[in-house]
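Working notes, beginning with the structure itself.
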Amino acid sequence: MAKVLSVQVGRAKAYGDAQAKDFLEKEWFSASFKEVSQTPLFASFSGLSGDEVADKMHHGGIDKAIFANSYENYAHWASFLEVESLPYGALAENLTIKGLHESNVTLGEIHQIGTAILQVSQPRKPCWKISRRWNHKAFTNEIFTSGLTGWYYKVLQEGIIGSNNDVRVIKQKKTPQISILEANNAFREPERYRQILETILNIPSLASSYQESIVKRLNNESDLGYMKTE
C-alpha cells in the first residue's frame, strides 16, 4: 500500500534582491520552501493548516488544496540537479508519497489519507518558481517535459493527515481512466494526443480552470506563460 513519507507546509516569504535584474537573483515571493511537520495536520477544504500560497492566481484554492509528489521521482531529480540527495518537500509538495506515481494515479481518483478523503483534481503545472527554488533555469522545463509533475488534491472530507499514513485508493469505475502522466504528455503534445485531451474534458470532477487550459491546448493556444524563466 502507498504511504505518506512526509508532510510539509510553508510560509510565503520574499527572497532575492529587489535591485537585481538576472532571473536567478532578482526578488521573488514564494512559499516553495516547505518545512517538514513533526505532527499530523488538519486538512481543510482550503489546504493543510499552516500552509500558505504566495501566488493565489496560479496556486491554492479548493481545487488545488494539497499538492502531492511521488518519492519515486526523487532520485531522478537529484541526478538532474547534480546533488547527492533531496530533502522531503524538495518539489514544494505538501505530501511526499511512496508507492504512487504519475503513471498510476488517475484524474478524478479518490484517496483516503488519515481521516481525510481527497480527490485528484489535476496535474501540477510546474511554474518558474521551482527553477528559482533550486537555482536552475532548466528545472521547470525538465519537469514539464518529463511529465513528472506531481498532482493536486481537492479535499472532499476534512480530516487529519500525518506522516506514515497509508494511502487507500478508492477506484472510480464510471469515469475515464487517464493517468497524470498521460494527461501531462497530452498537454505537452496536444496535436499528437488530441483524443486524450478530449477524453479529459469528460471527467466531471476536474477543476474548471484545468478544463479551460485543456480547451486552450485543443485550440492551439500555448497557456505556458507560468513557466517563463527570464
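Coordinate-derived values only; no laboratory data. These numbers come from a predicted model, not from an experiment. Cβ: placed from backbone, ideal geometry, glycine included. Neighbour counts: every protein chain shown.
Evaluate the relative contact order of the chain (contact order divided by residue number), counting alpha-carbon pairs under 8 angstrom at least 6 apart; express in whole percent.
Working: 499 pairs, mean separation 55.5, N = 230.
Once normalised by length, the contact order is 24 percent.
Rounded to the nearest 0.05, what FRET efficiency is calculated for Thr115 and Lys21 with R0 set to 35 Å and r the Cβ-Cβ distance?
Working: r = 49 Å, r/R0 = 1.39.
The pair Thr115/Lys21 has a calculated efficiency of 0.10.
Rounded, prolate or oblate: which one fits the range 140-201, using the alpha carbon gyration tensor with axes a ≥ b ≥ c (rounded when a/c is under 1.5, else prolate when a/b beats b/c, else oblate)? Write down the numbers at each step before the final one.
Working: a/c = 2.94, a/b = 1.55, b/c = 1.90.
Since a/c reaches 1.5 but b/c is at least a/b, the shape of the range 140-201 is classed as oblate.
Out of residues 5 or more away from Ala116 or on other chains, whose amide H comes under 5 Å of its own, with H placed 1.01 Å from N in the peptide plane?
Result for Ala116 returns Ile160.
Apply the a/c threshold of 1.5 to the C-alpha gyration tensor of the range 100-230 and tell me whether it is rounded, prolate or oblate.
Numbers: a/c = 2.12, a/b = 1.25, b/c = 1.70.
In terms of gyration-tensor shape, oblate.
Grab the eigenvalues of the alpha-carbon gyration tensor for the chain, scale each by 5, take roots, and send me the semi-axes largest first in whole angstrom. Write down the numbers at each step before the final one.
Working: eigenvalues 126, 107, 52 Å².
Listed largest to smallest, the semi-axes of the chain are 25, 23, 16 Å.
For the range 174-210, which chymotrypsin sites (Phe, Trp or Tyr not before Pro) pass both filters: DSSP loop (anything but H, G, I, E, B) and at most 10 other C-beta atoms within 10 Å?
Details: sites: Phe187, Tyr193, Tyr210; in loops: Tyr193.
Answer in residue order: no site qualifies.
Of the residues Ala65, Ala207, Ala183, which exhibits the maximal mean-square fluctuation in a Gaussian network model of the chain defined by a 10 Å Cα contact cut-off?
Of Ala65, Ala207, Ala183, the most mobile in the Gaussian network model is Ala207.
Specify the inter-centroid distance of the range 63-79 and the range 185-215, based on alpha-carbon positions, in whole Å.
Using only Cα atoms to place each centre, the spacing works out to 21 Å.
Where the eigenvalues come from the Cα gyration tensor of the range 95-156, what are the semi-axes √(5λ) of the equivalent ellipsoid, largest first, in whole Å?
Numbers: eigenvalues 126, 28, 21 Å².
Semi-axis lengths for the range 95-156 are 25, 12, 10 Å.
Leaving out same-chain residues fewer than 8 places away, which aspartates and glutamates sit with a Cα under 19 Å from that of Lys26?
Cα-Cα hits under 19 Å: Asp17, Asp55, Glu230.
List, in the order given, every pair from Lys34/Lys171; Lys34/Lys137; Lys137/Lys216; Lys13/Lys137 whose Cα-Cα distance in the structure shown is over 24 Å. Working shown, then result.
Details: Lys34/Lys171 30 Å; Lys34/Lys137 20 Å; Lys137/Lys216 26 Å; Lys13/Lys137 20 Å.
With Cα atoms farther than 24 Å apart: Lys34/Lys171; Lys137/Lys216.
Remind me, relative contact order of the range 174-221 in percent, using alpha carbon pairs under 8 angstrom and six or more residues apart? Could you put the intermediate results ahead of the total?
Numbers: 32 pairs, mean separation 17.6, N = 48.
That works out to 37 percent.
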